């Protein structure tokens with residue numbers, strides 16, 4: 001579009017007064033001609049924009065009028081490839097879809113009956129493989145569970161590119177569900193921007209930014225983040241009734257991967273609930289105390305690698321699934337990794353936080369935890385014998401350094417355990 005400043009210059013040249021009139025007579029003619037052409041171009045572009053808006057509105061009109069909510073939901077379910085969001089909200093409230101969630105759980109075809117999906121409150125040492133049946137591992141799983149959240153995304157943005165997940169449902173308000181995890185919390189001062197305070201004459205002046213990590217295909221941009229509700233501590237159906245489940249609202253997306261480079265999305269949420277924030281910080285500190293996951297180090301193939309996922313399959317209360325890492329691809333220039341694993345997942349697991357723990361196994365039932373861990377978000381679920389795939393691990397600086405004690409112990413196990421005689425790395 002031609003700028004307004006340029007139009008002003010052309011107009012000025014076309015109306016030069018007095019003694020300059022003769023010298024600029026030709027310039028005035030061409031200036032006026034350019035001015036007319038400029039107005040024609042702007043009018044054409046304006047009509048084109050109006051046409052695009054009309055076309056977009058027509059698509060929305062077709063989606064909202066010509067198609068039923070059930071048809072729209074089915075279209076959205078079929079428009080995500082191997083990603084694993086659950087699409088609910090086709091009847092009743094847009095964000096509350098309990099009966100639909102139960103129906104999806106009971107009629108799942110990928111994991112009928114969900115025998116390997118264990119409620120977090122029932123998860124115990126006996127649910128861990130014998131080679132990693134340790135109290136420290138059980139505690140890691142419990143801490144990961146405490147930080148796992150359910151996301152209810154109430155809008156599909158027009159910003160999703162053609163061919164991308166849910167791109168055929170842009171502009172619709174069919175809710176899709178995913179999982180994620182709380183990454184950090186930061187205190188702020190000033191008026192709290194949460195929905196409760198936004199319309200209050202006396203908003204809270206002390207509030208907190210809660211940062212949640214999930215998959216890009218779950219929450220694509222700020223437009224979708226603002227239509228997202230994040231549920232914490234949804235461990236059982238009773239948590240809703242007795243108030244243990246807490247809900248915070250998305251504000252904006254602070255960082256995302258490019259569509260062709262990864263599948264990570266970081267959302268900022270706002271809350272002024274001090275007790276909730278204290279609880280979150282306690283859980284995170286307990287998990288992070290032993291967290292030594294590195295971007296620079298690569299898993300050793302012939303060692304055992306436990307892969308834990310805590311998610312909200314089908315929008316249900318959180319469940320734990322256990323598997324093993326099957327492969328790891330690492331980028332040499334920045335150390336980011338993409339994992340494949342056998343851990344079970346279902347629709348609603350997209351964006352779940354993956355925790356991978358490395359073990360050196362001497363004999364059956366005897367193993368050492370090397371101290372190495374990695375994390376990633378669940379991106380897509382394999383069908384049949386195909387493994388699940390994570391998004392590329394984000395480049396987070398605090399995860400780079402490897403503690404010296406971990407490096408030394410790991411090197412000794414690799415050397416004296418004769419690991420170097422076998423296939424070394426993924």
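Can you find a residue in segment 161-171 that is more than 27 Å from residue 384 (Cβ to Cβ), surrounded by 14 or more Cβ atoms within 10 Å (Cβ to Cβ), touching a helix residue (DSSP H, G or I) at 6+ places or on another chain (Cβ under 9 Å) and at pLDDT 90 or above?
Checking segment 161-171: at least one residue is more than 27 Å from residue 384 (Cβ to Cβ), surrounded by 14 or more Cβ atoms within 10 Å (Cβ to Cβ), touching a helix residue (DSSP H, G or I) at 6+ places or on another chain (Cβ under 9 Å) and at pLDDT 90 or above.
Go through segment 175-200 and report how many residues are modelled with pLDDT under 90 and either within 19 Å of the chain's Cα centre (by Cα) or in a loop (DSSP other than H, G, I, E, B) (or both).
Selection size over segment 175-200: 4.
Among (1) in contact with a strand residue (DSSP E or B) (Cβ under 6 Å, 6 or more places away or on another chain); (2) assigned to a loop (DSSP other than H, G, I, E, B); (3) modelled with pLDDT of 80 or more, there is one condition residue 320 misses while meeting the rest; what is its number?
With respect to (1) in contact with a strand residue (DSSP E or B) (Cβ under 6 Å, 6 or more places away or on another chain); (2) assigned to a loop (DSSP other than H, G, I, E, B); (3) modelled with pLDDT of 80 or more, residue 320 is out only on (2).
The values are calculated or read from the model by the stated rules, or taken from the named source; none is laboratory data. These figures come from a predicted structure and were not determined experimentally. So basically every Cβ, Gly included, is an ideal-geometry build from the backbone, and we count neighbours across all protein chains shown.
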